[in-house]
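The structure appears below as structure tokens.
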Amino acid sequence: MALLIDDNCTSCDACPSVCPNDAISTGDPIYVIDPFKCTECVGGHDEPQCKLVCPADCIVPNPDYSESPDELMAKYESLHG
Ligand code: SF4
Ligand code: SF4
């Protein structure tokens with residue numbers, strides 16, 4: 001399942017650099033996770049790195065993108081060739 005950033009984001013800029021898939025970009029006004037790139041860190045780390053560093057606790061599951069661990073790994077592999 002991809003994650004998404006909700007309205008509590010303070011645009012602190014802590015999360016983009018920790019994403020292994022370069023899935024997080026600056027939005028207007030809050031930051032945005034590309035659901036086609038977010039693997040919930042499957043393939044890169046044991047747990048979502050953006051959630052670990054987010055001081056606002058505003059990164060939550062995206063209900064529109066519920067994928068299995070195998071599907072997330074396939075997504076990771078397709079992104080990293
Ligand atoms: S969960 Fe991982 S892959 Fe998804 S946006 Fe956060 S850091 Fe990137
Ligand atoms: S770490 Fe959290 S508050 Fe900071 S930019 Fe990312 S989502 Fe927003």
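Throughout, read-outs are computed from the coordinates displayed, never taken from laboratory work. Only a predicted model underlies this, so the values are computations on that prediction, with no experimental measurement involved. Cβ placement follows ideal geometry from the backbone for every residue including glycine, while neighbour counts extend to all protein chains displayed.
Reducing segment 43-80 and segment 3-42 to their Cα centroids gives an inter-centroid distance of 10 Å. Per the Debye formula on identical point scatterers at the alpha carbon atoms of segment 37-77, with no solvent, log10 I(q)/I(0) at q = 0.16 Å⁻¹ is -0.41. Residues whose amide H falls under 5 Å from that of ALA2, counting only those 5 or more places apart or on a different chain, are ASN62, TYR65, GLU67, with hydrogens built in the peptide plane. Under the convention that each Lys and Arg Cβ holds +1 and each Asp and Glu Cβ holds -1, the size of the dipole of segment 3-80 around its Cα centre is about 140 debye. If you model the chain as an ellipsoid using its alpha carbon gyration tensor, with each semi-axis the square root of five times an eigenvalue, the axes come out at 20, 12, 11 Å, biggest first. In the chain, the longest principal axis of the Cα atoms and the axis of helix 69-80 are about 80 degrees apart.
In the chain, Cα pairs under 8 Å separated by at least six residues give a relative contact order of 41 percent.
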